[in-house]
């Protein structure tokens, strides 16, 4: 157990130390403001203050963990061996950077509360982030810092046995549209037919009616492949279904269709099922509540995991809505068009509400690779290299590699050529270390 002495124990301080010490390094941590308790402690201990008490393991503290609300914080990013960091300390500190303050800045998503440019959907964009602008988006820096911290502690406390964690994989399957042609209803089918004719998409028109008359399988219906991969995988997939009403932004199948409900249930027999919250529910908590209730009636159990449609969420309101509905985990923390580590970590963390200054029970599970971002790479070889490089980064810190692929990614569409091979690469990466 690690004892941390500080002149003041704040919610931010406890939250950050528990993330680094307990959730990443597996070390229980307790806190004290009493010097005598610190002196009496015979195991791991450190001070987190402006000045060391004596010659103990000490990290010079930045002010951010002792503040409330937002403030104008100057950030200068520097190289640190194979990584980068900010919030420089001094020569009395056992670490050259205050990794705890830097970690809080990243995982609280402090920068997303500050004024920033949004895209056409109102989303936070990667080019606004400190990670992108300083060249560490594709490194799980928080986990790297934690390992550097552990190494420094080992040097100070050589007899302490530090626990190890194992690399693992969390595959996510996103289902915004379960079928391309089937189950759409007569009006949508007629509308699609007219569009195909006026756009001279005659091969698409042929495919549409070949599917409708049962000659070929719907190209988006890849669920037998997904279930088969699940049967042979050590990792439990999470499959997110969009069940919202038809709208400008969300165009899935009507949830009242029994075949669609049966599909969700059959997938749920093998994988975990989550709710892909609709675009309109982001600002409408009652609509989100309705969608959650409908999904629970289908899967016959409490819904615990969500993901926002179009990857749009608003901090802190979107997460507060999930907390009110007793959702346990969300898988929206990442970028649609860029692979990497939006929150600087490959370890799930609890959402910290900066407005209320409290740690919440909502577990944020960041994703690092998404199929749409891989499309930006021209060749299959380039896609493999991009994917493998991020897998390797997560393996180095023995973290959780979370990827998002869509059901139609596994279709025979030329656009998605080779993506089954990429998905296999992810699943096999866990076998290589176990």
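The values are calculated or read from the model by the stated rules, or taken from the named source; none is laboratory data. Computed from a predicted structure; not experimentally measured. Using ideal geometry, Cβ is built from the backbone for each residue, glycine included, and neighbour counts are taken over all protein chains shown.
Would you mind stating whether residue 161 is free of Cβ contacts under 8 Å to residues at least 60 places away in the same chain and closer than 30 Å to residue 303 by Cα? Even if it seems obvious, please write down each step before you answer.
Details: free of Cβ contacts under 8 Å to residues at least 60 places away in the same chain: yes; closer than 30 Å to residue 303 by Cα: no.
Criteria not met by residue 161.
Would you confirm, using the coordinates I've provided, whether residue 312 is surrounded by fewer than 17 Cβ atoms within 10 Å (Cβ to Cβ) and closer than 26 Å to residue 371 by Cα? Outline the logic, then answer.
Numbers: surrounded by fewer than 17 Cβ atoms within 10 Å (Cβ to Cβ): no; closer than 26 Å to residue 371 by Cα: yes.
Here the answer is no, as residue 312 does not meet what is asked.
Does residue 327 meet the test of being modelled with pLDDT of 95 or more, in the same structural domain as residue 246 (by TED's automatic domain parsing) and buried (at least 23 other Cβ atoms within 10 Å of the Cβ)? Can you show your working first?
Working: modelled with pLDDT of 95 or more: yes; in the same structural domain as residue 246 (by TED's automatic domain parsing): yes; buried (at least 23 other Cβ atoms within 10 Å of the Cβ): yes.
The answer is yes for residue 327.
So that you can scan it fast, the table gives a plain yes or no per residue for (1) assigned to a helix (DSSP H, G or I); (2) in contact with a helix residue (DSSP H, G or I) (Cβ under 7 Å, 6 or more places away or on another chain); (3) modelled with pLDDT of 80 or more:
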| position | (1), (2), (3) |
| --- | --- |
| 208 | yes, yes, no |
| 218 | no, yes, yes |
| 221 | no, no, yes |
| 224 | yes, no, yes |
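Looking at the range 373-389, is at least one residue out of contact with any strand residue (DSSP E or B) (no Cβ under 9 Å at 6 or more places or on another chain), outside the structural domain of residue 10 (by TED's automatic domain parsing) and under 20 Å from residue 15 (Cβ atoms)?
no
What strands (runs of 3 or more DSSP E) lie completely within the range 38-100 and have 3 or more residues being more than 16 Å from residue 21 (Cβ to Cβ) and touching a residue at least 12 places away in the same chain (Cβ under 8 Å)?
Values: elements: 45-49, 58-60, 78-80, 83-85.
Fully inside the range 38-100 and qualifying: 83-85.
Mind telling me which of the residues 185, 214, 191, 274 ends up being more than 26 Å from the chain's Cα centre (by Cα) and in contact (Cβ under 8 Å) with a residue 40 or more places away in the chain?
Within the list 185, 214, 191, 274, the selection yields 185.
May I ask you to verify whether residue 26 is at pLDDT 95 or above, part of a loop (DSSP other than H, G, I, E, B), within 22 Å of the chain's Cα centre (by Cα) and surrounded by fewer than 22 Cβ atoms within 10 Å (Cβ to Cβ)?
Details: at pLDDT 95 or above: yes; part of a loop (DSSP other than H, G, I, E, B): yes; within 22 Å of the chain's Cα centre (by Cα): yes; surrounded by fewer than 22 Cβ atoms within 10 Å (Cβ to Cβ): yes.
The answer is yes for residue 26.
How many of the residues making up the range 272-324 are on the phi < 0 side of the Ramachandran plot and part of a helix (DSSP H, G or I)? First the steps, then the outcome.
Initially, the range 272-324 is screened for residues on the phi < 0 side of the Ramachandran plot, giving 272-299, 301-309, 312-324.
Pick out the ones that are also part of a helix (DSSP H, G or I) and you get 280-282, 285-299, 309, 317-324.
Matching residues across the range 272-324 total 27.
Can you tell me which of (1) more than 30 Å from residue 84 (Cβ to Cβ); (2) outside the structural domain of residue 230 (by TED's automatic domain parsing); (3) touching a residue at least 12 places away in the same chain (Cβ under 8 Å) is the one residue 150 doesn't meet?
Against the list (1) more than 30 Å from residue 84 (Cβ to Cβ); (2) outside the structural domain of residue 230 (by TED's automatic domain parsing); (3) touching a residue at least 12 places away in the same chain (Cβ under 8 Å), residue 150 comes up short only on (1).
Find the residue count for the range 135-151, including only residues that are surrounded by 15 or more Cβ atoms within 10 Å (Cβ to Cβ) and either in contact with a strand residue (DSSP E or B) (Cβ under 9 Å, 6 or more places away or on another chain) or part of a loop (DSSP other than H, G, I, E, B) (or both).
Total satisfying the criteria: 11.
Would you kindly identify the strands (runs of 3 or more DSSP E) lying entirely within the range 325-434 that contain at least 2 residues that are over 22 Å from residue 16 (Cα atoms)? Let's see the steps before the verdict.
Working: elements: 349-353, 358-364, 400-406.
Result: 400-406.
Go through the range 163-206 and give me each residue that's surrounded by fewer than 17 Cβ atoms within 10 Å (Cβ to Cβ) and modelled with pLDDT of 90 or more.
Matches in the range 163-206: 163, 164, 165, 166, 177.
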